[in-house]
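The values are calculated or read from the model by the stated rules, or taken from the named source; none is laboratory data. Computed from a predicted model, the values in this text were never measured in an experiment. A quick note on method: Cβ atoms are made from the backbone with ideal geometry, for glycine too, and the neighbour counts reach across all protein chains shown. In case anyone asks, the SASA skips ligands and DNA or RNA and just uses the protein heavy atoms, side chains included. Shrake-Rupley method; radii C 1.70, N 1.55, O 1.52, S 1.80 Å.
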Amino acid sequence: MIKKYKHRSWHIVLSPLYMGLCTWVFVLVAWSCSSSNCPLESKVTCNYAFYDSEGNAVTYADPITVTTLLPGTKTVYVYRKLGYITETLDHRDESLIEDGYTESVSEVRRDTVLINRLSSAALLKVPMSYYNATDTLVFAYESLSARDTIYIHHDSYPYVELPECGTHRFHRLKDIRCSNTAAIDHVEIVNKTVNYEGKENVKIYFNGVAE
């Protein structure tokens, strides 16, 4: 006698919790694979390395403050009170007037301090403007009354390595010159591409105060 067996269909029933866990695992794995391809350091700066006039790498002992000059002017409010520190703000503060401060309003350049009193350094990391063709950097020294001004001409362009890493703004250096009236002997471009790799872009040759 031939026995007939009924075909049985086996169905795996997955609970919503199990499906949710699998989904999250897949997302996390995919995210970790893609995010690991993004650079750990993504800050774009132009890197200035310090040398003496003979080309030897040095650290500069005197504190340096670097200011960038921006086009146009801005309004500032200066508050003074005898025996108190003078307050300079970019907005009006009625509470200071109520506390007895005198107010004066003036128009000043739209300058921005990029580096404040950096001392015993061998390298400067300075951000660059996106839309100006030339950046003007003023170097002020604590022990010198004179200043140096660097003019650096460049192009800027968007860069996308991977969509999940976002868009960065890279720069291409074209020309550089310096007023060299204080501590700088001369400057030189050594790497025209400014990105987040941290490579040396400009050499600054000082004529003194190095250790």
Restricted to the range 59-77 and to residues being open to solvent by 20 Å² or more (accessible area, probe 1.4 Å) and either aliphatic (A, V, I, L, M) or without any contact (Cβ under 8 Å) to a residue 12 or more places away in the chain (or both), the residue farthest from Asp99 (Cα to Cα) is Ala61
Scanning for something under 22 Å from Cys38 (Cβ atoms) and in a helix (DSSP H, G or I), does the range 164-178 turn up at least one residue? yes
Is it the case that the range 88-99 has a residue that's part of a strand (DSSP E or B) and surrounded by fewer than 16 Cβ atoms within 10 Å (Cβ to Cβ)? yes
Just for the range 154-177: of the residues that are without any contact (Cβ under 8 Å) to a residue 24 or more places away in the chain and of a type in the set (Ser, Thr, Tyr), which one is least open to solvent (accessible area, probe 1.4 Å)? Tyr157
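Conditions tested, residue by residue: (1) open to solvent by 30 Å² or more (accessible area, probe 1.4 Å); (2) in contact (Cβ under 8 Å) with a residue 12 or more places away in the chain; (3) of a type in the set (A, V, I, L, M).
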residue: Lys125; (1), (2), (3): yes, yes, no
residue: Thr149; (1), (2), (3): no, yes, no
residue: Ser179; (1), (2), (3): yes, yes, no
residue: His186; (1), (2), (3): yes, yes, no
residue: Ile204; (1), (2), (3): no, yes, yes
Count of the range 130-143 residues which are open to solvent by 60 Å² or more (accessible area, probe 1.4 Å) and in contact with an Asp or Glu (Cβ under 7 Å, 6 or more places away or on another chain): 2
Subset of the range 100-112, residues among the aromatic types (Phe, Trp, Tyr) and either open to solvent by 90 Å² or more (accessible area, probe 1.4 Å) or under 27 Å from the mean Cα position of the chain (by Cα) (or both), comes to none
Hits in the range 100-117 (condition: acidic (Asp, Glu), within 22 Å of Ala140 (Cβ to Cβ) and part of a strand (DSSP E or B)): Glu107
